[in-house]
Amino acid sequence: MPKSYRELLSEHVGNTDDWIGKLVSTRVFLTYGDRENMAVSNPYKLLQMTKIFGFMVRIFIFLNCQFKCNS
């Protein structure tokens, strides 16, 4: 991922490793009922995380399809 997109993600989520960990824990909790203490339970924050994750997925798809993304 280009550095500009990493910086953009960091501006919105802070520490990207922590954000990814929360996202994974929330998915595991919603799927299996485990990791409840690490999952995001606030509906607003969950919606925000989902939108940011969708944006990142679109960037990866565009980059893998050889689209030129201007920052």
(request) Pairs only if they're at least six apart or on different chains, beta carbon under 6 angstrom, first in region 14-27 and over 12 Å from Met38 (Cβ atoms), second open to solvent by less than 40 Å² (accessible area, probe 1.4 Å) and not charged (D, E, K, R); list them, first residue then second. (result) Thr16/Leu9; Trp19/Val13
(message) What's the total number of residues in region 13-23 that are open to solvent by less than 100 Å² (accessible area, probe 1.4 Å) and more than 21 Å from Leu63 (Cβ to Cβ)?
(response) 4
(message) For the list (1) at pLDDT 80 or above; (2) open to solvent by 70 Å² or more (accessible area, probe 1.4 Å), I need the number of the one condition that Thr26 fails.
(response) (2)
(message) So if I check each of Ser10, Ser4, which one is surrounded by 10 or more Cβ atoms within 10 Å (Cβ to Cβ) and free of Cβ contacts under 8 Å to residues at least 60 places away in the same chain?
(response) Ser10
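Consider Leu46 carefully, then state whether it is open to solvent by less than 90 Å² (accessible area, probe 1.4 Å) and modelled with pLDDT of 85 or more. Give the derivation first.
Values: open to solvent by less than 90 Å² (accessible area, probe 1.4 Å): yes; modelled with pLDDT of 85 or more: yes.
Criteria met by Leu46.
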(request) All but one of (1) aromatic (Phe, Trp, Tyr); (2) loosely packed, with under 12 Cβ neighbours inside 10 Å; (3) modelled with pLDDT under 85 hold for Phe62, so report the exception by its number. (result) (2)
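The values are calculated or read from the model by the stated rules, or taken from the named source; none is laboratory data. All of these numbers come straight from a predicted model, not from anything done at the bench. No Cβ is skipped: glycine too gets one built from the backbone with ideal geometry, and neighbour counts run over all protein chains shown. Side chains included, ligands, DNA and RNA excluded: accessible areas come from the protein's heavy atoms. Shrake-Rupley method; radii C 1.70, N 1.55, O 1.52, S 1.80 Å.
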